[in-house]
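Each reported figure results from applying straightforward, stated rules to the coordinates on display, with no laboratory input. Quick caveat: nothing in here was measured; it's all calculated off a predicted structure. Ideal geometry is used to build each Cβ from the backbone, glycine not excepted, and the neighbour counts take in all protein chains shown.
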Amino acid sequence: LVTPENYNTPMGIVITVRRDLKPQTEIFVCEMGAKRKGDIKEDCKIANPDLGVITSIGPQHLDTFGNIETVVSTKFELADWVKQKNGKMYLNGDNEYIKAKAGEYTSVTYGTSNCDCKAADIAYSPKGLTVTIDYKGEEFKVTSHLLGYHNALNIAAAVSVALDLGLTAEEIAFAVSKLKPTEHRLELKSYINGSTLIDD
């Protein structure tokens, strides 16, 4: 089960849980949004995560956060929650704010630099994105219809979690090949006279 669209607030998470969470659900992927200190902790009280992924930290919502330090501490409310449950975090090792705190948690880092899960040989074509994944010595290639460096990192994050949950490289490569972009977000489309349109 995945929170739909931008249902990343307490109300959106509650709606998703009450409407869609079933007894047979094995994994609930819950996006958590924040504009103020304490927002992620509130989301954690609802979703009660065992694992967490922090994809990025930057100077967003500074009008409500006030400073980057508050952004960092708020994003790491997720890591603090998961740590209390003896869970594992998956952290973007290319992001300096995240990398600086990674050692405080049981974590797997992902990124393009010296990380546990490295995304390498990132290449683009009219068909999409190709990435070589190296996760703790296990290396395999994935292709996707997604575009963008950020999506190579997102794929590396998802691969890290999937491998730790017991999926095989073959299962993961197949799933990645089926990913579709969000509408009007770097969408690859066939266009007139055999050209390719990137709808962003």
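Straightening the chain between Glu138 and Lys180 buys 12.6 nm, computed as 0.36 nm per residue apart minus the Cα-Cα spacing.
Compute the convex hull volume of the Cα atoms of the range 106-151, divide it by the residue count, and report the result per residue in Å³ as a whole number.
Values: hull volume 3.4 nm³, N = 46.
It is 73 Å³ per residue.
Please state the charge dipole magnitude for the chain, taken about the Cα centre, from unit charges on C-beta atoms (+1 on K and R, -1 on D and E), reported in debye and rounded to the nearest 20.
Values: 22 positive and 27 negative charges, 68 e Å.
With Lys and Arg at +1 and Asp and Glu at -1, about 320 debye.
If you place +1 on the Cβ of every Lys and Arg, -1 on the Cβ of every Asp and Glu, and leave all else neutral, what size is the dipole of the range 1-98 about its Cα centre, to the nearest 20 Debye? Before the final figure, lay out the partial values.
Values: 12 positive and 14 negative charges, 74 e Å.
Around 360 debye, computed over the range 1-98.
I'd like the Karplus ³J(HN,Hα) series for the range 93-102: coefficients 6.51, -1.76, 1.60, θ = phi - 60°, whole numbers in Hz, and an x wherever there's a Gly or Pro. Calculated HN-Hα couplings, in order: x, 8, 8, 4, 5, 6, 4, 5, 10, 4 Hz. In this structure the amide hydrogen of Asn95, modeled in the peptide plane, comes within under 5 Å of no amide hydrogen from residues 5 or more places off or on another chain. Pick out which of Asp20, Asp116, Asp134 has the largest mean-square fluctuation in a Gaussian network model of the chain, springs linking Cα atoms closer than 10 Å. Highest fluctuation among the options: Asp20. The angle between the Cα long axis of helix 10-20 and the longest principal axis of the Cα atoms of the chain comes to about 70 degrees, rounded to the nearest 10.
This model, with +1 at the C-beta of Lys and Arg and -1 at the C-beta of Asp and Glu, gives the range 50-157 a dipole about its Cα centre of some 200 debye. Bridge orientation summary for the chain: considering DSSP beta bridges with both residues in this region, about 60 percent are antiparallel. Starting from one equal scatterer on each C-alpha and no solvent at all, send me the Debye-based log10 I(q)/I(0) for the range 50-124 at q = 0.23, 0.28 Å⁻¹, two decimals. So the normalised log intensities are -1.00, -1.24. Qualifying trypsin sites (Lys or Arg not before Pro) in the range 69-129, where qualification requires a DSSP coil assignment and no more than 12 other C-beta atoms within 10 Å, comprise Lys127.
A simple rule links phi to the HN-Hα coupling: the Karplus curve 6.51 cos²θ - 1.76 cosθ + 1.60 with θ = phi - 60°, which for the range 120-126 gives 10, 6, 6, 9, 10, 8, x Hz, with x for Gly and Pro. Across all Cα atoms of the range 116-200, the radius of gyration (one decimal) and Dmax (whole number) stand at 13.5, 45 Å. Kirkwood hydrodynamic radius of the chain, from the reciprocal of the average inverse Cα-Cα distance over all distinct pairs: 18.0 Å. For the residues His61, His150, His184, a GNM of the chain with alpha-carbon springs under 10 Å puts the largest fluctuation on His184.
Its residue count N sets the reference 2.2 N^0.38 Å, and the alpha-carbon radius of gyration of the range 29-70 equals 1.22 times that reference.
Estimated from helices alone, the mean residue ellipticity of the chain at 222 nm is -9500 deg cm²/dmol (sum of -39500 (n - 2.57) over DSSP H runs with n ≥ 4, per residue).
For the range 1-103, lysine pairs separated by 8 or more sequence positions, or belonging to different chains, with Cα-Cα distances below 16 Å total 16.
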